[in-house]
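J.: There's a structure below that I have some questions on.
The values are calculated or read from the model by the stated rules, or taken from the named source; none is laboratory data. This is a predicted model, so every value here is computed, not measured. So basically every Cβ, Gly included, is an ideal-geometry build from the backbone, and we count neighbours across all protein chains shown. These accessible areas exclude ligands, DNA and RNA; they are computed on the full protein's heavy atoms, side chains included. Shrake-Rupley method; radii C 1.70, N 1.55, O 1.52, S 1.80 Å.
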Amino acid sequence: MAQPSTTWAEVIGDDEQQRHEDFAKVITGLQSRINDRKGPGRAFHRRGVAALTGRLTVPGGLPQHAAQGLFAQPGEYDVVIRLSNGSMVPQADAVPDIRGFAFSVRGLDGEAALGGTTDRQDFLLINWPSFGFRDSRDFAELVPAAAKGQKALAQHLIAKHGVVAGPLEMLKQAAGMARPFTGFATSDFHSCAPVAWGPYAAHVHLSPIGARRNLLAWRDWGTDVASRIQAGPLRWRVEAQFYTDPEATPIEDGRTPWSATKQSVAVLEADALADPDAVANDHFDPWSALVEHRPLGEIMRARKAAYFPSVANRA
Ligand code: HEM
């Protein structure tokens, strides 16, 4: 079996910083148009479904490659969680969508990925096993059409791929959106993009522990979560999936899930509802990170340019 390796490398394009800044402007332009109609909100993942608090418990005895950064020592940390629907426009829970799971580990005091120090380590995950785009260029092509709705998205895909392949691409997108989702308490979530893990690199996953399905959860994801928490804490296993080699675990390509074994590194527990306004006004960002968990790859570098302007545009 392939072993975790420290031989990963980023490949940074000459033009990408400008491209990322241009894409960030497109995103905030679309966000402003939606703000005008709906009031200020996030550029993506606008609709918050639930805001929770809890803790992250890091066990002792992790193998050397896993015992890095936040996971180097056993410990218990306060956590704030925001669950969301991914769309740029707020829409009903029953509408197929990407689902977001952002959690922020608090009370830290460490060197930050962006320089200086940080008191938090954020992880942003979705219910898709992969981001589905090679890089931010492919994603950027789709965003303006997706912001206008399904019809504009179909027209864009037909223009790009032709009348035969276009509808197939549309079906692929729709199949991704319509991926069976059973609720936030009972679904797996994935970072889809890598972060450093000390000298190693890893994708992060969440896997629910012991939650039973509620067949009516789709009516209101937030009510499902809130009623479960009244009955007792929700728990997820936090897993790291380590870089092994460029083919199985590519750093610069977000199209397919990594194929490498997962190592359990912590347990995340949510046991109370948080103040929804405070969490809505907070900003979760993969770059709110310890230097040991610096985001890696082009998709992450594009996110460095996009999150701050989105936050400023909803203040
Ligand atoms: C080039 C790729 C991407 C861009 C440009 C992008 C951009 C953004 C922006 C602008 C926001 C709103 C920020 C705010 O106002 O707080 C956001 C939110 C979010 N993104 Fe991304 N994103 C990208 C990829 C991803 C990926 C790969 C994931 C996870 C697998 C992800 C997960 C999330 C989540 C969960 C939120 C909601 C965070 C919250 O609840 O506050 N994004 N994204």
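J.: Open to solvent by 40 Å² or more (accessible area, probe 1.4 Å), modelled with pLDDT of 95 or more and away from the ligand (no atom under 15 Å from the Cβ): which single residue out of 294, 219 fits that description?
T.: Result: 294 is the single residue among 294, 219 that is open to solvent by 40 Å² or more (accessible area, probe 1.4 Å), modelled with pLDDT of 95 or more and away from the ligand (no atom under 15 Å from the Cβ).
J.: Inspect the stretch 299-310 for any residue being away from the ligand (no atom under 14 Å from the Cβ) and either modelled with pLDDT of 95 or more or closer than 30 Å to residue 95 by Cα (or both) and give the result as yes or no.
T.: The answer is no; no qualifying residue exists.
J.: Which one of 255, 314, 301 is in contact with a helix residue (DSSP H, G or I) (Cβ under 8 Å, 6 or more places away or on another chain) and part of a loop (DSSP other than H, G, I, E, B)?
T.: The unique qualifying residue is 314.
J.: Go through (1) open to solvent by 70 Å² or more (accessible area, probe 1.4 Å); (2) in contact with a Lys or Arg (Cβ under 9 Å, 6 or more places away or on another chain) and name the single condition residue 213 misses.
T.: (2)
J.: Confirm whether residue 276 is touching a residue at least 40 places away in the same chain (Cβ under 8 Å) and either aromatic (Phe, Trp, Tyr) or more than 9 Å from the ligand (Cβ to nearest atom) (or both).
T.: Criteria met by residue 276.
J.: Restricting attention to the stretch 66-112, which residues are closer than 29 Å to residue 260 by Cβ, within 11 Å of the ligand (Cβ to nearest atom) and either touching a strand residue (DSSP E or B) at 6+ places or on another chain (Cβ under 6 Å) or in a loop (DSSP other than H, G, I, E, B) (or both)?
T.: The answer is 81, 82, 83, 84, 86, 98, 100, 101, 102, 103, 104.
J.: Here's another thing I want to ask about it. Give just the number: which of (1) outside the structural domain of residue 219 (by TED's automatic domain parsing); (2) over 30 Å from residue 83 (Cβ atoms); (3) outside any helix (DSSP H, G or I); (4) of a type outside the set (D, E, K, R) does residue 45 not satisfy?
T.: The single condition residue 45 does not satisfy is (2).
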